Amino acid sequence: MITDGVAEIYCDKIESFVKEIAQLKKEGYEIIIVSSGAIGCGLAKLGLQKRPSEYKELQALASVGQIYLMKIYQQEFNKYGLHIGQVLLSSDDMKDSTRRANTRNTLEVLLKKDIVPIINENDSVAIEELSYGDNDKLSGLVSILLFVDLLIILTDVKGLCNKNPNIHDNAEIITSIEELSDEIEKIVEDIDGGITFGGMRSKINAIKKLTNIGIPAIITSYDGISLKDILLGKEIGTYFIPQK
């Protein structure tokens, strides 16, 4: 078990996740990970109980936590003889053509050399990402950049429900969505309450851009599911059907 002040359950999830990734790579899949957790690791490492509100303190925590987050990943991937490559990005990197091309080239070389790219928000210098929890947007932009076969967003819910599961006991997961219609948008607004930045709304916004150009996506929880089952097409979470 990995220590360094990080919660045990957190490490167990990464341990299981990495084991699956290693097996999938052995079977020939190319995988890119977009991971959050730097600030959380910084909090745990420094023994802090409460997330600070000031940006400069959050950025400092991210700079501390980033080291330990990558250390955890590297220790786990070492078990399977795999190397990782850290890529720190912000949404601004996708807006500049030169930086965007450099990012694509770096990721393509890492994949070619059988290295697992782990992308993190550049929280130690960014402001927007700290404000809006933009991991969803970042994963969408990277998916478009490399035109991936599938984006899987792992979150704390098993999928997009037909009504707010926090209010309605009979809420059911929508297993597939052909079009992000006004009706779906209303469901998302109800679930997020119109005020969250890192909730279902940001995920749907990212996925809408993907499906419009032909990239499918899935939203699900990592609890009790297998990534291989997802890739085999089993009904897990909410599957967003590409429009092209």
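The values are calculated or read from the model by the stated rules, or taken from the named source; none is laboratory data. This is a predicted model, so every value here is computed, not measured. Positions of Cβ are backbone-derived with ideal geometry, glycine not excepted, and every protein chain shown enters the neighbour counts.
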Q) Restricted to the stretch 85-122, and to residues that are among the small types (Gly, Ala, Ser) and within 26 Å of Leu61 (Cα to Cα), which residue is modelled with the highest pLDDT? A) Gly85
**Q.** Residue identified as in the same structural domain as Ile21 (by TED's automatic domain parsing), over 23 Å from Glu27 (Cα atoms) and either modelled with pLDDT under 80 or of a type in the set (Phe, Trp, Tyr) (or both) among Tyr80, Tyr73, Tyr55
**A.** Tyr55
Q: Among the candidates Ile152, Ile144, single out the residue that is within 26 Å of Tyr68 (Cβ to Cβ), at pLDDT 90 or above and under 20 Å from the mean Cα position of the chain (by Cα).
A: Ile152
Q: Return the residue satisfying two criteria in turn: it lies in the stretch 139-193 and is in a loop (DSSP other than H, G, I, E, B) and basic (Lys, Arg), and of such residues it is farthest from Asn105 (Cα to Cα).
A: Lys163
Q: Collect the residues in the stretch 37-61 that are touching a residue at least 12 places away in the same chain (Cβ under 8 Å) and among the hydroxyl-bearing types (Ser, Thr, Tyr), keeping them in residue-number order.
A: Tyr55
Q) Restricting the stretch 68-78 to residues that are touching a helix residue (DSSP H, G or I) at 6+ places or on another chain (Cβ under 8 Å) and without any contact (Cβ under 8 Å) to a residue 60 or more places away in the chain, which is surrounded by the most Cβ atoms within 10 Å (Cβ to Cβ)? A) Leu69
Q | Residue, nearest to Asp12 (Cα to Cα), within the stretch 194-244, restricted to residues that are surrounded by 19 or more Cβ atoms within 10 Å (Cβ to Cβ) and basic (Lys, Arg) | A | Lys203
Q) Name the residues in the stretch 111-123 that are closer than 14 Å to Ile32 by Cβ and either in contact with a Phe, Trp or Tyr (Cβ under 6 Å, 6 or more places away or on another chain) or surrounded by 20 or more Cβ atoms within 10 Å (Cβ to Cβ) (or both), would you? A) Val116, Pro117, Ile118, Ile119, Asn120
Q) Since Ile9 meets every condition but one in (1) in a loop (DSSP other than H, G, I, E, B); (2) modelled with pLDDT under 95; (3) over 16 Å from Asn120 (Cβ atoms), which condition does it not meet? A) (1)
Q: Quick one: which residue in Val64, Val34 is surrounded by 14 or more Cβ atoms within 10 Å (Cβ to Cβ) and touching a residue at least 60 places away in the same chain (Cβ under 8 Å)?
A: Val34
